[in-house]
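Colleague: I'd like to ask some things about the structure below.
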Amino acid sequence: MKALTVCKTQSCIYLFIIIFSLQHFFFREFNYGFDGYEGMVSGIMAASFITVLISVIVLIRQGVIFINRKNIRKTEIKYLVLNLVLYYGTLISSLCLSGEIRH
């Protein structure tokens with residue numbers, strides 16, 4: 001798989017987790033009225049936890065690949081920086097979601 005494709009996929013996963021966390025934050029009282037919502041929050045939280053753990057390795061690998069090339073492409077560096085910023089947003093979202101699970 002190409003490195004730029006991995007970056008785009010990673011960005012989409014990060015954005016989904018961040019947007020879900022924001023939606024949960026603003027509409028949590030309304031959403032908890034639905035059956036199965038807590039299970040969905042638990043599933044998204046577990047997926048974000050796994051994403052955060054795996055992303056550390058992927059981001060390091062991408063950084064090494066992008067920086068050690070003879071011809072550095074600006075698009076790849078932009079995606080790397082964007083993914084680093086989104087990574088921290090996902091990390092914060094994951095921590096917020098972990099505190100919101102009610103059992």
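The values are calculated or read from the model by the stated rules, or taken from the named source; none is laboratory data. Since we're looking at a predicted model, the values are computed, not measured. Using ideal geometry, Cβ is built from the backbone for each residue, glycine included, and neighbour counts are taken over all protein chains shown. Keep in mind that these areas ignore ligands, DNA and RNA; they rest on the heavy atoms of the full protein, side chains included. Shrake-Rupley method; radii C 1.70, N 1.55, O 1.52, S 1.80 Å.
Colleague: Could you give the accessible area per residue of the chain, probe 1.4 Å, as a whole number in Å²?
Modeller: In whole numbers, the chain has 67 Å² accessible per residue.
Colleague: In whole Å and largest first, what semi-axes does the C-alpha gyration tensor of the chain yield when each eigenvalue is scaled by 5 and square-rooted? Before the final figure, lay out each step's value.
Modeller: Working: eigenvalues 207, 26, 20 Å².
Taking √(5λ) for each eigenvalue gives 32, 11, 10 Å, largest first.
Colleague: For the range 63-103, which whole-number percentage of the solvent-accessible area (1.4 Å probe, protein heavy atoms only) is attributable to carbon and sulfur atoms?
Modeller: On the way: 1910 of 2940 Å².
Answer for the range 63-103 is 65 percent, counting heavy atoms of protein chains only.
Colleague: Hey, another quick one. Put a dot 7 Å past each Cα toward the Cβ at PHE26 and ILE77; how far apart are the dots in nm?
Modeller: My value for the distance between the label points is 3.5 nm.
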